[in-house]
Each structure stands twice: as C-alpha cells, then as structure tokens.
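The values are calculated or read from the model by the stated rules, or taken from the named source; none is laboratory data. Keep in mind the model is a prediction, meaning the values are calculated, not measured. Quick reminder, even Gly has a Cβ in these numbers, built from the backbone with ideal geometry, and neighbours come from all protein chains shown. SASA here: full protein model, heavy atoms, side chains in, ligands and nucleic acids out. Shrake-Rupley method; radii C 1.70, N 1.55, O 1.52, S 1.80 Å.
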Amino acid sequence: MSVYNQTLPLRWGFLTAVFAVAAGYLAQQLRTNFGHPLLSPSYLLAVLLVAVAVVLLITGLQLRKRLLEREKRPDPFVAVRLLAASRAGQILGAFWTGFGLGLFIWVAPRLAETAAELWLPMVALLLTGALLWVIAPLVERMCKVPPGSDDGDSGRDADPDTLPDVVPESLSSEAKL
C-alpha cells in the first residue's frame with residue numbers, strides 16, 4: 001500500500017468544519033453581545049460556491065473524457081492543477097459548511113422570532129458549502145492519470161520492470177559511493 005493517499009484525508013475537512021462551526025457561532029455571539037445585528041451572509045457567496053463546484057465538475061468530466069479516449073492523452077499538468085483546485089475546494093466547502101452551520105446553530109433556538117431573510121442565507125451557505133465539499137473529492141478521483149510512454153501508448157499495461165529510470169545513474173546515490 002502506498003504511503004501517499006490519493007484523496008485528502010477526511011479528518012482535515014472535518015477539523016476545518018469544526019473550527020468553522022466554532023468561528024461562526026462565536027461571530028454571531030460577539031456581534032449580538034456588542035449590539036450589532038445578526039451576521040447574515042450574502043446570497044452571492046452561495047452562488048459563488050455553486051459556481052466553483054460546477055466549474056470543478058465540468059473540468060473534471062472533461063479530463064475524465066480525455067482519459068477514456070485512448071488516442072488523446074491529456075496534459076498531466078492540467079490534472080495536477082485540477083487536483084490542487086479540488087483539494088482547495090474540499091477545504092473551502094468544509095469551511096463554509098461549518099461557518100454556515102455555526103451561524104445557524106446560534107439562530108436556531110430563536111428561529112420563531114427571527115425573520116426568514118436573516119436565516120435563509122445561512123441555510124443556503126450551509127447547503128452550497130456541503131455541495132462543494134461533496135463534489136471536490138469526486139473531481140479529485142477523476143484526476144488520476146495513468147503512467148504512459150512517449151510512443152503514444154496509454155501505459156495502462158506497462159510492466160514496472162521495463163519503465164525507464166527517472167534519475168540517471170550518474171546522479172544516483174549508488175554512483176556517488
């Protein structure tokens with residue numbers, strides 16, 4: 001089993017979400033203690049999170065389609081960029097899900113006396129953050145590019161013994177000894 005795991009460990013997303021729940025609840029508590037109105041996020045933030053999720057999903061599907069086509073090999077740097085974006089999307093989705101949940105937890109006991117215009121954006125933020133948090137790992141799994149060779153072979157059936165060395169012998173540690 002490889003030491004490197006393909007997907008971002010779930011614990012980082014959950015730790016981010018727990019931190020964000022505490023931050024959202026604390027922000028709501030501090031604002032009301034100092035006499036400010038409730039913190040209600042803009043719907044634009046929810047729209048932005050949906051847009052990020054849609055762009056990630058479309059780009060991931062395009063990469064997956066190119067991987068399935070044997071005659072066109074995708075650029076591995078595109079896969080790496082998409083991998084980085086999906087990992088950032090996981091953390092971003094976890095944070096905004098937790099923050100929206102923290103805001104809503106503070107409002108939930110006072111829901112009957114709070115106007116819907118104040119708590120509906122919190123629920124929208126929570127749901128769209130969760131959407132991004134779910135879509136990002138799926139896109140991350142789409143980024144796995146099989147090793148290939150320069151002759152156009154997709155490399156799916158490559159024998160590890162026939163693969164070329166990455167480090168030339170002149171630079172290897174054995175040559176220096």
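The single condition among (1) farther than 28 Å from residue 105 by Cα; (2) in a helix (DSSP H, G or I) that residue 15 does not satisfy is (1). Do we find that residue 58 is without any contact (Cβ under 8 Å) to a residue 24 or more places away in the chain and under 22 Å from residue 129 (Cβ atoms) in this structure? The answer is yes for residue 58.
Checked against (1) under 16 Å from the mean Cα position of the chain (by Cα); (2) open to solvent by 70 Å² or more (accessible area, probe 1.4 Å), residue 47 meets all criteria but (1). Among the residues of the stretch 101-116, some residue qualifies, meaning at least one is within 20 Å of residue 38 (Cα to Cα) and not in a helix (DSSP H, G or I). Annotation note: of 132, 126, 56, 83, the sole residue that is more than 11 Å from the chain's Cα centre (by Cα), assigned to a helix (DSSP H, G or I), of a type outside the set (Phe, Trp, Tyr) and surrounded by 15 or more Cβ atoms within 10 Å (Cβ to Cβ) is 126.
Restricting attention to the stretch 86-122 and to residues that are among the hydrophobic types (A, V, I, L, M, F, W, C) and within 14 Å of the chain's Cα centre (by Cα), the residue that is surrounded by the fewest Cβ atoms within 10 Å (Cβ to Cβ) turns out to be 88. Scanning the stretch 59-70 for residues that are open to solvent by less than 90 Å² (accessible area, probe 1.4 Å), at pLDDT below 90 and not aliphatic (A, V, I, L, M) returns a single hit, 69.
Criterion first (open to solvent by less than 90 Å² (accessible area, probe 1.4 Å), among the polar types (S, T, N, Q) and either touching a residue at least 24 places away in the same chain (Cβ under 8 Å) or within 20 Å of residue 131 (Cβ to Cβ) (or both)) does residue 29 satisfy it? In short, yes.
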